[in-house]
Structures are given as structure tokens and as C-alpha cells.
Amino acid sequence: MAAMDERAIVEAERQRFRQCSSKLMSMVAGEGEAYKTPLNSVLDQFISLDYCIQFVTDKEASAILNKVCTLVPLKYELLVTKACQVIVNIVAHQQITLNQDTLDILLEYIITATKTCQSWTLPDTLRALGAIVYENGANCGKVGIVWNKLLGGPAPNLLQSTSQNALRSCMCDCLSNIGSPVFELLALDKRILCITMLLGLSVDEDYRVKSSAVRALGVYVVYPCLREDVLFVADTANVILNCLEDASVLVRMKAAWSLGNLSDALVMNKDSSDAIFLQDFSDMLLQRLFTSAIKASEDNDKVKSNGVRAIGNLLRYIKPSTMSKSGFTVLVEQSVQALVKNVIGGTMKVRWNACYAVGNMFKNADLPVGSSTWTSDVYDALLGVVADCKNFKVRINAALAIAIPLRGRSMETYNSFAQYGNAW
């Protein structure tokens, strides 16, 4: 019955989309109020659709978006913002891959809009540009050229305009959508400019700008061309650490997400046996990351989930030579206890992430699992979740975490025969 209801909802929304499409495709470009009024109505109908449901094909999207660019003159700025909202809804929310001709038309339209329309339209035009680049950047031959032009003047000028913080925040979000393939195509001076601007904006007084900047750095830190750069990773880590102390929950939430990404980058460098990075990355900085991740795991629920995610990655990354240093034994125990606490209680999203983080921790064969006093606490927490948690996804992640030490590792990782038997 539920499946039938879901199919009915999808079909109803698709029917609405077809009706809007039919109206739009039948329209002819014109002038004046008699033209603007029905066009405005059709764009509003497109915007009102429920884009959480997948109902648009790539072919349909290309036809609709081509027509929108044809029908909406740049001089009608309110309609331009609505056209950009339609672009974001279709391209980003429906995850559309556009053909080259449509990409060229959309990019030309939006770039021209950013240059000619008034500044109040920029949030929508920049979001549209970001959506196109994020979903289609790797396939869009002109994206690198577009970004080189934007970074040659318009973007830096906008980011320096302290009177337009909403636009600056939006521009940071746009920079985060460049994507790794396109970022690597940029001229070296433009790549450096992106990094420098975001590092500077991460200490901005406006919380919106600050949160967007630290999130963008969290996107950049997993780019293959940047994650192996120990200086950039260290700079990003220091920015994240500062933002995690911010009074704004939004800033801390974005910083925690970026901390999760940065810890992902550390694990990727370890898994790829990047000896130079592993040698050069500061243990003192790693110690601060552990401390902040533990604190984040006790913060607002919106911060916690990425705090525990980061703890799991950091425990997977830590090397034997680091664990033997003063203070790290205590930090490891505090980190494990923070995971245990979040496995046992909290929102389901936090508990899911905590179980996943424990599984991540178990992948580090150098951790003293079995010989440490915290071993029983970890297994008891996971087994309790498997037995009693009502959420299926949380139970699955707990079971997956328990299974990791069973793969090719001795019974010693279970601390006792009874613990080993309970796990089985």
C-alpha cells in the first residue's frame, strides 16, 4: 500500500511538471506586462514543484532550461532570479547531467546576468552557477574559463564588499562548488587566490561568511591536489579549530563538518602510504584536533554527528610512534569513551555516526584493542545497540563495527573469551 501511495505521489508531481513544461514550451518571447505576467506564473509553478521526488529526465531538463534562457530577458531582473531558482531546483535537486550545448547556453546566460543585473540578484545567480558547476563541472569545457574570468575581478571584488555579507556568503558557497577536476584546471594564481580568500574570510566578523568559508575549506581539503599539501591541511586545521570555538552554532556546525572532511583526508593519506605527509604533519596539531573533536562530540546535536565522525577517523589515522608520546594515551581513551557515550545515547543520527566511527577505529590494527581497559566498554555498548536499539540503521552499523575485529584478527582483541562469545 505504501509503495502504491509513493508511486501515486511521484506520478502526480510528474504530471504537474508536464503541465508546466507544456505551458512554457508553447510560449514565444515577447515584451511588456502582457508577456511578463504569464511567464512569471509559469516560473512560479516550476518553483512550487516538490523536487525531492525524482521526476525529470536529462533530456527534459535540457529542453526546459534552454527555453527558460530564451524566454527570460536579463532586463526583467525579478524573472531572472526566478529563472535561476528553476535552474537550481532542476539541476541540483534532480541531479541532472546536461548536454554540452545546454551547458554553454546556461553558463553564458548566468555569467552575463552576474555582470549586468543589479547586485540584489546575485545570490540567485551565484547559486545557479554553483549548481551547474557542481553537477556538471567535469563535463563542462568552459567552466575553467568561466572561473578564471570570475576570479580575475568580479569574485574578489564581491568578497571584499563588507556591506553585502549575504552575497559574500553566497560567493563562498559558490567557490566550494568548483569541484576538484575544474579546480585543477585553474591557473595556479587563481587556485592560490581561492585558498587565500577563503582562509581570510574564515575569520570574518559575520557568522554567515565565516561558516560558508570554513565549509568551503572543508570541501577543498579532500581535493587530491590539496589533501597531500601538508601546509594547506595544517592551515585548514587551524581555521577549523578556531571556528569550533565560535559562539554561533551555525559556524560550529560547518566547522565540525569540515573537521570530518579533514580527518577523511588524513585517513586517505595514510591509506595511500604518503610517507612525507605522515612524517611532516604535526603531532601537536593532531593532539589539538583530538581535543576539539572530543569537545564537538559533546556539543549541539548538529555538531555532535561530525564530531564523532572525526574521532573515528583520527583514531584510525594515529600512528604507533604518536601513541607512544606523552598525553596521547589519555587522549585515545577519552576519544573512545566519547564514542561509547554517543553510541549508547543521543539522536539516531549521532548514534549511527558513532557506531560507524567505532568501526573506523577498529580498522587501525595498531590501537591497543583488547589490552586496554576501554575494550569492554566499547563491545558492551555495541552489543547493547544490536540487542535493544529500535532503529534498524543504527543496529546495522553497530553489527558492522563488531564484525571488523572478527576478520583475520585474534580473540585477544575481545579482552576475554566471554566477550568473544557474546560478539558471536
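The values are calculated or read from the model by the stated rules, or taken from the named source; none is laboratory data. Here the structure is a predicted model, which is why all the values come from computation and not from measurement. Note: ideal-geometry Cβ built from the backbone for every residue, glycine included; neighbour counts use all protein chains shown. All accessible areas refer to the heavy atoms of the entire protein, side chains included, with ligands and DNA or RNA removed. Shrake-Rupley method; radii C 1.70, N 1.55, O 1.52, S 1.80 Å.
Taken over segment 356-382, the criterion of being free of Cβ contacts under 8 Å to residues at least 40 places away in the same chain and crowded, with 18+ Cβ neighbours inside 10 Å is satisfied by LEU382 alone. Sub-7 Å Cβ pairs linking a first residue in segment 100-123 that is farther than 19 Å from ILE64 by Cα to a second residue that is at pLDDT 85 or above and not in a helix (DSSP H, G or I), at least 6 apart or interchain, are THR112/LEU74; THR116/LEU74; CYS117/LEU74, ordered by first then second residue. Do we find that THR329 is part of a helix (DSSP H, G or I), free of Cβ contacts under 8 Å to residues at least 24 places away in the same chain, within 19 Å of SER371 (Cβ to Cβ) and not charged (D, E, K, R) in this structure? Yes: the conditions hold for THR329.
Filter segment 383-400 for residues that are open to solvent by 10 Å² or more (accessible area, probe 1.4 Å) and under 15 Å from LEU339 (Cα atoms) and give the result. If the condition is that a residue be open to solvent by 10 Å² or more (accessible area, probe 1.4 Å) and under 15 Å from LEU339 (Cα atoms), then LEU383, GLY384, ASN397 are the ones that fit. Of the residues screened, ILE90 is one that is within 16 Å of ASN66 (Cβ to Cβ) and open to solvent by less than 30 Å² (accessible area, probe 1.4 Å). Looking only at residues in segment 16-67 that are under 18 Å from GLU135 (Cβ atoms) and aromatic (Phe, Trp, Tyr), the one that is modelled with the highest pLDDT is PHE46. Of all residues in segment 4-18, those satisfying the criterion of being in contact (Cβ under 8 Å) with a residue 24 or more places away in the chain and either open to solvent by 50 Å² or more (accessible area, probe 1.4 Å) or closer than 15 Å to PRO73 by Cα (or both) are ILE9, ARG16. Determine which single condition TRP147 fails, assuming it passes every other condition in (1) over 18 Å from ASN66 (Cβ atoms); (2) within 18 Å of the chain's Cα centre (by Cα); (3) surrounded by 22 or more Cβ atoms within 10 Å (Cβ to Cβ). Failing condition for TRP147: (2).
Checking each residue in segment 207-224 for being open to solvent by 10 Å² or more (accessible area, probe 1.4 Å), among the hydrophobic types (A, V, I, L, M, F, W, C) and assigned to a helix (DSSP H, G or I) picks out only VAL219. Looking at segment 343-355, can you tell me whether even one residue there is in a helix (DSSP H, G or I), buried (at least 23 other Cβ atoms within 10 Å of the Cβ) and modelled with pLDDT under 90? Looking for residues that are in a helix (DSSP H, G or I), buried (at least 23 other Cβ atoms within 10 Å of the Cβ) and modelled with pLDDT under 90, one finds none in segment 343-355, hence no. Whenever a residue of segment 386-401 is in contact (Cβ under 8 Å) with a residue 40 or more places away in the chain, its partners that are of a type in the set (Lys, Arg) and surrounded by 15 or more Cβ atoms within 10 Å (Cβ to Cβ), lying with C-beta atoms within less than 8 angstrom and at least six residues away or across chains, give the pairs ASN391/ARG351; VAL394/ARG351.
Against the definition (touching a helix residue (DSSP H, G or I) at 6+ places or on another chain (Cβ under 9 Å) and either crowded, with 24+ Cβ neighbours inside 10 Å or among the small types (Gly, Ala, Ser) (or both)), how does SER297 come out, yes or no? For SER297, the condition - touching a helix residue (DSSP H, G or I) at 6+ places or on another chain (Cβ under 9 Å) and either crowded, with 24+ Cβ neighbours inside 10 Å or among the small types (Gly, Ala, Ser) (or both) - is met.
Every condition in (1) open to solvent by less than 10 Å² (accessible area, probe 1.4 Å); (2) within 20 Å of ARG309 (Cβ to Cβ) is met by VAL340 except one, and the failing one is (1). Determine, yes or no, whether VAL10 is assigned to a helix (DSSP H, G or I), of a type in the set (Val, Ile, Thr) and under 20 Å from VAL80 (Cβ atoms). When the stated conditions are applied, VAL10 does not pass them. Note on segment 42-52: among residues that are closer than 20 Å to ALA29 by Cβ and hydrophobic (A, V, I, L, M, F, W, C), the one that is farthest from the chain's Cα centre (by Cα) is VAL42.
Criterion applied to LEU241, LEU217 was being more than 13 Å from the chain's Cα centre (by Cα), within 16 Å of TRP257 (Cα to Cα) and at pLDDT 95 or above, and the one residue passing it is LEU241. Assess whether GLY307 counts as being out of contact with any strand residue (DSSP E or B) (no Cβ under 6 Å at 6 or more places or on another chain), modelled with pLDDT of 95 or more and open to solvent by less than 50 Å² (accessible area, probe 1.4 Å). In short, yes. For segment 21-32, the criterion of being open to solvent by 80 Å² or more (accessible area, probe 1.4 Å), of a type in the set (Ser, Thr, Tyr) and not in a loop (DSSP other than H, G, I, E, B) is met by at least one residue.
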